[in-house]
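First the structure, in the form of structure tokens, and then the observations on it.
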Number of protein chains: 2
Amino acid sequence: MVEPWQLLDTRDGFHNRWLHVTLDTARLPDGDVYEYTTIRRSKAGAAVAVINPQGQLLLEQEYRLPVGQVIYQIPGGLVDLGEDPTDSMRRELREETGLLAGELHYLGSFWNNPASSDGYCHLFLCRDYRNGGVTERDRAEFITWDWYNLDWVKARVADGSIRDRVVVCALAYLWLAGEIA
Amino acid sequence: MVEPWQLLDTRDGFHNRWLHVTLDTARLPDGDVYEYTTIRRSKAGAAVAVINPQGQLLLEQEYRLPVGQVIYQIPGGLVDLGEDPTDSMRRELREETGLLAGELHYLGSFWNNPASSDGYCHLFLCRDYRNGGVTERDRAEFITWDWYNLDWVKARVADGSIRDRVVVCALAYLWLAGEIA
């Protein structure tokens with residue numbers, strides 16, 4: 001039996017538009033008092049695995065400053081407060097690729113790093129979409145996208161060319177749901 | 001073709017023992033100047049999927065303050081600077097469970113959140129271990145562990161009871177490597 005900790009106090013360590021860090025004081029199960037640094041996210045993330053009738057996965061390429069590389073990723077973003085995650089994903093997919101999504105299937109949700117952050121990400125599958133939407137990129141969004149064979153994607157995850165945990169988790173959820181083999 | 005950004009300046013936003021946040025200034029591909037908030041980690045993470053001869057996976061339960069829950073996870077931690085990740089994982093496994101690992105197989109590495117952090121995690125598989133090590137927990141580590149059938153683990157990931165991206169990614173890498181079905 002693992003006991004929860006008791007949060008005694010929380011105060012701001014850092015706060016701007018993008019990031020909120022709190023310095024927390026907690027009572028441990030043995031009664032000891034312990035300081036913890038927590039990254040807090042006001043918005044959930046969400047992402048969508050779009051698979052075309054040929055069984056190919058839509059992958060974007062985008063430069064990501066924190067890792068200093070152009071990476072492979074799937075469409076996604078932050079869910080605005082009060083917004084339904086599926087509406088958010090339809091919006092992000094249209095803005096980033098111009099595709100207009102119909103039905104979305106929920107695949108699962110994961111924590112980005114539960115040892116240091118409360119951030120989590122919802123994953124959806126979309127096989128129902130059409131062309132014709134108008135792309136609308138944020139000021140710092142420079143994205144290309146294309147369709148990739150699932151076997152190629154699996155090989156690139158296995159050899160480390162694709163390293164975004166969203167894509168890796170998407171493969172796991174798609175496999176568990178029997179959507180890919 | 002996606003252009004990299006040019007990092008013009010980086011300065012500390014927040015810095016303590018656990019977390020380093022920088023406020024970065026970058027030149028975008030269109031020449032615009034943009035401010036970016038980056039979480040920087042001096043240490044890589046690593047984790048190990050331990051599978052016993054019955055095909056069961058070792059899962060720990062630990063309370064995680066950022067998500068306010070007792071969660072399922074696999075053994076892991078931070079790799080000390082200059083330390084080999086496999087040595088680090090042998091140390092963490094012994095400290096957390098008392099198991100003494102022999103050979104470790106590299107499964108893959110993923111970024112925790114490349115849009116906001118440079119943090120990444122290496123994953124290993126261990127089928128070669130013996131009992132007899134002495135557990136040695138950190139001050140704030142209150143952990144239980146047990147063996148779980150893979151089918152149970154897969155069902156718990158699919159139904160959302162297991163949400164740590166490390167476990168979800170481990171399933172994907174194990175599947176891609178042909179280690180589980």
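The values are calculated or read from the model by the stated rules, or taken from the named source; none is laboratory data. Model, not experiment: these values are computed from the prediction. Note that each Cβ is placed from the backbone with ideal geometry, even for glycine, and that neighbours are counted across all protein chains shown.
List of remarks:
The rows are residues; the columns are (1) in the same structural domain as B:Ala172 (by TED's automatic domain parsing); (2) surrounded by 16 or more Cβ atoms within 10 Å (Cβ to Cβ); (3) in a strand (DSSP E or B).
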position: B:Leu93; (1), (2), (3): yes, yes, no
position: B:Glu96; (1), (2), (3): yes, yes, no
position: B:Glu103; (1), (2), (3): yes, no, no
position: B:Tyr106; (1), (2), (3): yes, no, yes
position: B:Phe110; (1), (2), (3): yes, yes, yes
position: B:Ala115; (1), (2), (3): yes, yes, no
position: B:His122; (1), (2), (3): yes, yes, yes
position: B:Leu125; (1), (2), (3): yes, yes, yes
position: B:Thr135; (1), (2), (3): yes, no, no
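- Hey, B:Leu8 modelled with pLDDT of 95 or more and not hydroxyl-bearing (Ser, Thr, Tyr) or not: yes
- Test: residue in segment B:77-87 that is surrounded by 17 or more Cβ atoms within 10 Å (Cβ to Cβ), touching an Asp or Glu at 6+ places or on another chain (Cβ under 8 Å) and facing chain A (nearest Cβ under 10 Å): yes
- B:Leu23 fulfils the conditions (1) hydrophobic (A, V, I, L, M, F, W, C); (2) more than 10 Å from chain A (Cβ to nearest Cβ); (3) touching a strand residue (DSSP E or B) at 6+ places or on another chain (Cβ under 7 Å) except for a single criterion, (2).
- Segment A:26-56, subset more than 26 Å from the chain's Cα centre (by Cα), assigned to a strand (DSSP E or B) and within 10 Å of chain B (Cβ to nearest Cβ), residue surrounded by the fewest Cβ atoms within 10 Å (Cβ to Cβ): A:Glu35
- The set of residues from segment B:148-159 being touching a residue at least 12 places away in the same chain (Cβ under 8 Å) and not charged (D, E, K, R) comprises B:Tyr148, B:Asn149, B:Leu150, B:Val153, B:Val157.
- Hey, A:Tyr72 in a strand (DSSP E or B), closer than 30 Å to B:Ser42 by Cβ and outside the structural domain of A:Thr22 (by TED's automatic domain parsing) or not: yes
- Annotation: B:Ala140 fulfils all but one of (1) farther than 29 Å from A:Arg163 by Cα; (2) of a type in the set (Gly, Ala, Ser); (3) surrounded by fewer than 14 Cβ atoms within 10 Å (Cβ to Cβ); the unmet one is (3).
- Unique residue being of a type outside the set (S, T, N, Q), under 28 Å from B:Val21 (Cβ atoms), more than 9 Å from every other protein chain (Cβ to nearest Cβ) and in contact with a Gly (Cβ under 6 Å, 6 or more places away or on another chain) when the list is B:Leu123, B:Leu100: B:Leu123
- Against the numbered list (1) closer than 24 Å to A:Asp159 by Cβ; (2) assigned to a strand (DSSP E or B), B:Leu59 comes up short only at (1).
- Of all the numbered requirements in (1) within 7 Å of another protein chain (Cβ to nearest Cβ); (2) in contact with a helix residue (DSSP H, G or I) (Cβ under 8 Å, 6 or more places away or on another chain), B:Leu59 misses one, and that requirement is (1).
- Take the conditions (1) within 14 Å of another protein chain (Cβ to nearest Cβ); (2) surrounded by fewer than 17 Cβ atoms within 10 Å (Cβ to Cβ); (3) at pLDDT below 95; B:Gly68 misses just one of them, which is (3).
- Looking only at residues of segment A:22-66 that are in contact (Cβ under 8 Å) with a residue 24 or more places away in the chain and of a type in the set (Val, Ile, Thr), we find that the one that is farthest from B:Asp118 (Cα to Cα) is A:Val33.
- Subset of segment A:32-45 [farther than 15 Å from B:Asp138 by Cα and not charged (D, E, K, R)]: A:Thr37, A:Thr38, A:Ile39, A:Ser42, A:Ala44, A:Gly45
- Cβ pairs under 6 Å, 6+ apart, first in segment B:160-181 and more than 7 Å from every other protein chain (Cβ to nearest Cβ), second assigned to a helix (DSSP H, G or I) and surrounded by fewer than 23 Cβ atoms within 10 Å (Cβ to Cβ): B:Ile162/B:Arg156; B:Ile180/B:Leu150; B:Ile180/B:Leu174
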